[in-house]
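Just below is one structure, and these are the notes that go with it.
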Amino acid sequence: GTVTATSLIEFSGDADDDTFNLTGSISATTITINGDADNDTFNLNANVLTGNITVLGGAGDDQFNVTDLQGRPGSMLLDGGEHTDSYYIRTTSLDTVGSAPTDYTIDVSDSGTSGIDDLLIEGRGFTGDTITDKDDRFLIRSNFIARLDNGGSMAVERINYDSSIDCGVRIDSGDGSD
């Protein structure tokens with residue numbers, strides 16, 4: 001489906017375990033997703049996700065899954081808050097049509113002071129991947145990892161993180177020449 005607003009779209013959970021599945025097309029100037037208390041799961045796999053996005057886990061052990069994010073302007077912040085939180089980002093390579101390289105930035109910063117937090121970044125070539133070019137080129141620097149476009153464009157899938165990701169950052173580049 002499609003959800004469009006001129007200024008704000010807000011999704012809020014409650015004190016129970018919540019699951020947020022964002023698919024289809026979602027567009028607004030600001031998009032906020034707040035899981036609140038308990039253990040929450042955030043699945044972001046929308047074909048179109050436009051606007052400045054903030055995803056807040058709150059208290060509890062939270063799971064963030066960003067899968068095949070399309071090229072997009074605007075900011076995206078993932079913040080698990082208190083307790084142990086896991087962040088999983090599967091890079092895209094090309095848009096859904098398969099013609100344009102994806103270009104985006106995701107900021108992962110956990111404001112909680114308890115628990116341990118980890119980040120897994122997965123390249124192409126995972127089990128079941130149907131894309132033909134499974135080669136990944138990752139640029140690794142202090143506090144960010146970027147998957148570079150293999151076609152030579154300036155497009156980059158950049159993931160920024162900080163010392164709050166205290167259980168480590170892992171990259172799984174899958175099959176292909178990496």
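Per-structure values
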quantity	calculated
Of residues in the stretch 43-61 being touching a Leu at 6+ places or on another chain (Cβ under 8 Å), at pLDDT 95 or above and closer than 12 Å to M76 by Cβ, the one surrounded by the fewest Cβ atoms within 10 Å (Cβ to Cβ)	T54
F11, sole failed condition from (1) assigned to a strand (DSSP E or B); (2) open to solvent by less than 40 Å² (accessible area, probe 1.4 Å)	(2)
Condition met for A37 (within 12 Å of M76 (Cβ to Cβ) and modelled with pLDDT under 95)	no
When residues of the stretch 142-158 are limited to those that are part of a loop (DSSP other than H, G, I, E, B), open to solvent by 40 Å² or more (accessible area, probe 1.4 Å) and not hydrophobic (A, V, I, L, M, F, W, C), the one farthest from T91 (Cα to Cα)	S142
Some residue of the stretch 82-100 being touching a Leu at 6+ places or on another chain (Cβ under 7 Å), at pLDDT 95 or above and under 24 Å from I171 (Cα atoms)	yes
Unmet criterion (only one of (1) surrounded by fewer than 19 Cβ atoms within 10 Å (Cβ to Cβ); (2) at positive phi; (3) more than 17 Å from the chain's Cα centre (by Cα)) for G24	(3)
Residues of the stretch 82-103 classified as part of a strand (DSSP E or B), within 11 Å of the chain's Cα centre (by Cα) and in contact (Cβ under 8 Å) with a residue 40 or more places away in the chain, total	2
Among the candidates D18, D40, D110, D79, residue that is in contact (Cβ under 8 Å) with a residue 40 or more places away in the chain, acidic (D, E), crowded, with 17+ Cβ neighbours inside 10 Å and over 18 Å from E157 (Cβ atoms)	D110
Which listed residue, of N52, N43, N65, is closer than 18 Å to G1 by Cβ, assigned to a strand (DSSP E or B) and not basic (K, R)	N43
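The values are calculated or read from the model by the stated rules, or taken from the named source; none is laboratory data. In this text the structure is predicted, and so the values were computed from the model without any measurement. Positions of Cβ are generated from backbone atoms using ideal geometry, with glycine treated the same way; all protein chains shown enter the neighbour counts. Side chains are part of the model used for accessible areas, which takes the heavy atoms of the whole protein and leaves out ligands, DNA and RNA. Shrake-Rupley method; radii C 1.70, N 1.55, O 1.52, S 1.80 Å.
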